[in-house]
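Here is the structure we will look at, set down as structure tokens.
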Amino acid sequence: ASRQDPHLREVVRFAVCCRALTLLLQASLLPLFFFQALFNLLIPDHAADAFCPPRLSEPGLWDLLLEQLLGGLSHWDAEHFLFIAERGYLYEHNCAFFPLYPLSVRAVAEGALWPLQRLLRFAGRPAYSESMFAFLAFSAMWQLEKGQSWLSGLLFSLASGVRANGLINAGFFLYSRSKCFALQLQVGLGSVRKLPLLWKQVLSLASSAVLMCAGIFLPFALFQYYAYVKFCGPGTGLEQAVPKPLLQLALDKGYRLAAMNGVKPPWCSQQFPVIYSYIQDAYWNVGFLRYFELRQIPNFLLALPVTLLGSWAAWTYIIANPWHCITLGLERRKSEDEGKPRAGFCCPAVFVYVVHATVLLAFGFFCVHVQVLTRFLGSSSPILYWFSAHLLQEYEPLLWSEGTDNRTVAPRTEKSILSKSPGSCGKRTPGNPVVRLLLNCRLITPLSKCILGFFLSYWLLGLILHCNFLPWT
């Protein structure tokens, strides 16, 4: 597909370059001794009550070098992933992190990096699971748009094995089948002879939707069953096999081991024993409006840009397609469709993605630790990127100017606005448009500066704060 679509090839190339630059800033010698030394000197490590298990073996020279180069990537949730990859689900609260990513880390460490195992204590160093989840979820959405339902279902199922919010992706299948059902119903009602055939088609759509949704929920259900057997089963004397430092950590921090002392955790006796919701409630106090405290105002300010951007995207789409939103995209009026773009952010096909992003935004803002909202949305929905690109294409003259020198860009007229669809941006000069905007940052509009500044500042602040255990998880 990348050979046929030069835009896709450019997006992939730019994404790889950005990730490589991030690792370079984290791991290269110059940033190591400059950025980290400077940040660690000016910004002391925050005394966060984060998971930090002790190292059970003395690190060698190469371990110390790897820790210095990439140690900043192993804070906060990354400690859980690395611990699970090494030790499995030893502590109860580790089960908040789904298994596919740490299993992949271990597979890489024992497979591709096997020759280094004699030099390194553990030849692997995770980042977070969001990149893997985004790759699987976005690929599944793409395949569903292309009509590859079974491949899409497989990718969605793998995504739900990476993060719990992958379960909501079942809504894409349900909506896709609902649209097919509505279309078949509208066609079938016109003729009585078509009713038997219509019901066969309806049953086929319903059965495929059930199978796809079951496949998406299967990894979650299997993982919950695994946790139930491990932590709710009869005592196996596991605590005797746990190394003393890890056992002492459990005693000091109140971490629960599997069937420790024969005492089962309270969630085991629930009618539907789901460990994930129990951990979120008991260990992290996740729940509706629980984060609405005065002392959390800085974290809400941290989430404010993405909250405004996501809300603006939803409002823009609703204003552009009111009837489409009211009817959930299941019924169309020709009078409403006239003049509507068939491509771009405001086209009808984007409706389900806007709903998905808005639901995640509302859930993340009211129910979870709000400082994770940016990576939560950014790894789950393409809407933030689509809408940001839509704003740049619509309101940045440097992108839609035709044959105009960058230093003398003419203002956009009302006629030019009306003559272009929301997804268009005129005749463009070759090259990556984001790079072109960054190279001409003094000439771009204030809106473009805000958009690019948000993404750049989030990326840079993440490198600075994350390595110092500051609230940038």
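The values are calculated or read from the model by the stated rules, or taken from the named source; none is laboratory data. Not measured: the values here are computed from a predicted model. Ideal geometry is used to build each Cβ from the backbone, glycine not excepted, and the neighbour counts take in all protein chains shown. Surface accessibility is based on the protein's heavy atoms, side chains included, excluding ligands, DNA and RNA. Shrake-Rupley method; radii C 1.70, N 1.55, O 1.52, S 1.80 Å.
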Out of curiosity, is Ala320 aliphatic (A, V, I, L, M), in contact with an Asp or Glu (Cβ under 9 Å, 6 or more places away or on another chain) and either modelled with pLDDT under 95 or not assigned by the TED database to the domain that holds Phe220 (or both)?
-> no
Within the range 433-458, which residues are over 20 Å from Val11 (Cα atoms) and in a helix (DSSP H, G or I)?
-> Pro446, Leu447, Lys449, Cys450, Ser457
Scope the range 284-315; condition touching a helix residue (DSSP H, G or I) at 6+ places or on another chain (Cβ under 9 Å) and open to solvent by 70 Å² or more (accessible area, probe 1.4 Å); matching residues | Trp284, Phe288, Leu289, Arg290, Phe292, Pro298, Trp312
Would you call Glu145 modelled with pLDDT of 90 or more, buried (at least 18 other Cβ atoms within 10 Å of the Cβ) and out of contact with any Cys (no Cβ under 9 Å at 6 or more places or on another chain)?
-> no
Looking only at the range 333-343, decide whether some residue is open to solvent by 30 Å² or more (accessible area, probe 1.4 Å), modelled with pLDDT of 95 or more and of a type outside the set (A, V, I, L, M).
-> no
By residue number, the members of the range 148-169 that are assigned to a loop (DSSP other than H, G, I, E, B), open to solvent by 30 Å² or more (accessible area, probe 1.4 Å) and touching a residue at least 40 places away in the same chain (Cβ under 8 Å) are Arg163
